[in-house]
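Participant: The structure follows.
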Amino acid sequence: QQIWEYTSQIRDVYQQKLSVNQNNIMKVLTIIGARPQFIKAAVVSRAFTQSQHVEEIIVHTGQHFDANMSDVFFEEMCIPKPHYNLNINGLGHGAMTGQMLEKIEKVLLEEKPDWVLVYGDTNSTLAGALAAKKLHIKVAHVEAGLRSFNMTMPEEINRILTDRISDVLFCPTDKAIENLKLEGYDNIDCHIVKNGDVMQDAALFYLNRARMPQEIIPSKFVLCTVHRAENTDDEVRLKNIFYALETISEQCPVVLPLHPRTKGKLLAINYNFAKSKICFIDPVGYLEMVWLLKNCELVMTDSGGLQKEAYFFEKYCVTMRDETEWVELVEKGFNVLAGSEPTRIISSVNVMISKNKEGFENRLYGNGDAGEKILDTLLSV
Ligand code: UDP
């Protein structure tokens with residue numbers, strides 16, 4: 001097993017191949033369906049559109065479909081309009097993944113791509129990889145090798161299975177590569193490439209395009225998101241987290257773009273929105289999110305992506321989970337795992353909000369060229 005640290009080696013192979021066959025167009029079929037995948041795909045699609053050697057077909061599974069969870073990202077981030085929208089949503093895991101498999105297979109038989117490109121850890125990721133692999137189409141997985149070691153998380157199951165059947169595994173961190181090695185990937189026929197993190201590319205590219213949200217945002221605020229099933233689907237955890245957020249709001253306003261799943265769960269437990277001190281806003285587009293990240297005092301989240309974005313925008317983070325895939329942020333003191341107990345969340349916020357800012361300049365997730373490295377690698381493997 002050879003691990004390809006992205007070097008001039010990949011670019012040389014790629015250049016040689018191109019000079020051998022100038023007219024060869026590589027057809028990549030990208031499968032996306034959820035908000036974080038749109039943001040990641042925006043980066044790679046931009047690299048693809050700048051290359052004369054790639055034709056990209058985008059398939060939107062429909063997993064996220066609200067305008068502010070889907071359309072806004074295509075518009076603001078100039079992602080090419082999907083060629084297919086499978087409109088699969090609002091189903092349990094089995095039905096959703098099953099329907100995706102069936103419909104993606106039909107598209108693959110029609111399009112016959114050279115590569116299927118999948119992102120992250122959702123049902124769309126797994127269905128795309130599985131449908132492609134069974135048709136002997138090469139699979140590339142962006143954000144490979146990440147592990148929470150919590151097998152009750154649907155995301156953990158999706159990412160382990162997707163990694164195992166991928167031909168190229170794009171790993172954002174050394175830890176991701178280490179995880180794969182511990183699982184025996186030295187003996188598996190695939191390419192493991194450390195290419196950095198496409199979300200770092202997005203943060204750098206959109207930094208100066210940030211847009212203030214339409215809602216009135218307090219001058220000093222904590223930015224918070226909550227949507228992970230382990231928190232929203234467990235009433236005790238959900239109530240504990242929102243009790244902590246209400247308490248923190250008494251000291252510093254908490255701005256919370258509310259995920260539709262969390263909103264549904266809060267309504268189901270008769271959460272008193274009218275009396276709440278939390279500043280709830282609708283989910284925002286990425287450009288508004290960048291503005292919130294640039295201007296907040298601290299990030300509180302259970303999102304995977306937000307933990308890294310806090311670091312990209314030089315903000316400390318309190319993560320309301322018991323474990324994280326982004327362990328380097330915790331090890332280096334940028335992030336703290338606070339679980340769901342109110343006292344622990346509140347004391348973590350107090351510590352992190354008053355901490356001196358240092359060490360953020362070390363680029364733990366690459367230099368913003370992860371998307372180009374994906375393009376070069378796919379053209380050369
Ligand atoms: N995000 C956004 N608007 C919001 C909330 C999140 O643009 O209202 C972005 C966020 O900046 C990050 C991505 O969505 O880039 C993270 O998605 P999410 O938290 O839904 O998923 P996860 O990263 O946990 O898989």
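Participant: Among the residues of the stretch 115-151, write down those that are more than 16 Å from the ligand (Cβ to nearest atom), in a loop (DSSP other than H, G, I, E, B) and surrounded by fewer than 16 Cβ atoms within 10 Å (Cβ to Cβ).
Facilitator: The answer is Leu135, His136, Phe149, Met151.
Participant: Turning to a different aspect of this structure: What do you reckon, is Phe312 away from the ligand (no atom under 16 Å from the Cβ) and out of contact with any strand residue (DSSP E or B) (no Cβ under 8 Å at 6 or more places or on another chain)? Can you show your working first?
Facilitator: Values: away from the ligand (no atom under 16 Å from the Cβ): no; out of contact with any strand residue (DSSP E or B) (no Cβ under 8 Å at 6 or more places or on another chain): yes.
In short, no.
Participant: Could you check the stretch 82-102 and list, in sequence order, the residues that are surrounded by fewer than 17 Cβ atoms within 10 Å (Cβ to Cβ), modelled with pLDDT of 95 or more and under 23 Å from Tyr286 (Cα atoms)?
Facilitator: Hits for the stretch 82-102 are His83, Asn85, Asn87.
Participant: Can you tell me which of Thr343, Thr324, Thr377 is of a type in the set (Ser, Thr, Tyr) and surrounded by fewer than 18 Cβ atoms within 10 Å (Cβ to Cβ)?
Facilitator: On the way: Thr324 fails: surrounded by fewer than 18 Cβ atoms within 10 Å (Cβ to Cβ); Thr377 fails: surrounded by fewer than 18 Cβ atoms within 10 Å (Cβ to Cβ).
Unique residue meeting the criteria: Thr343.
Participant: Counting just the residues of the stretch 49-75 that are modelled with pLDDT of 95 or more and among the acidic types (Asp, Glu), which one comes out farthest from Thr125 (Cα to Cα)?
Facilitator: Top of the filtered list is Glu75.
Participant: Moving on to the next point. Hey, among Ile192, Ile177, Ile157, which residue is more than 30 Å from Asn87 (Cβ to Cβ), aliphatic (A, V, I, L, M) and in a helix (DSSP H, G or I)?
Facilitator: None of the other options fit; the residue is Ile177.
Participant: Just to be sure, is Leu298 within 11 Å of the ligand (Cβ to nearest atom) and either surrounded by fewer than 22 Cβ atoms within 10 Å (Cβ to Cβ) or not polar (S, T, N, Q) (or both)?
Facilitator: For Leu298, the condition - within 11 Å of the ligand (Cβ to nearest atom) and either surrounded by fewer than 22 Cβ atoms within 10 Å (Cβ to Cβ) or not polar (S, T, N, Q) (or both) - is not met.
Participant: Could I ask something else about it? Only residues that are more than 19 Å from the chain's Cα centre (by Cα) and either modelled with pLDDT under 95 or within 16 Å of the ligand (Cβ to nearest atom) (or both): list them for the stretch 226-236, please.
Facilitator: Asp233
Participant: Which of the residues that make up the stretch 260-284 are surrounded by 18 or more Cβ atoms within 10 Å (Cβ to Cβ) and within 12 Å of the ligand (Cβ to nearest atom)?
Facilitator: Residues satisfying the conditions are Thr262, Pro283, Val284.
Participant: Would you mind telling me which numbered condition in (1) touching a helix residue (DSSP H, G or I) at 6+ places or on another chain (Cβ under 6 Å); (2) crowded, with 23+ Cβ neighbours inside 10 Å Leu293 fails?
Facilitator: That leaves (2) as the condition not met.
The values are calculated or read from the model by the stated rules, or taken from the named source; none is laboratory data. Given the structure is predicted, the values throughout are model-derived calculations rather than measurements. Please note: Cβ atoms are built from the backbone with ideal geometry, for glycine as well, and neighbour counts cover all protein chains shown.
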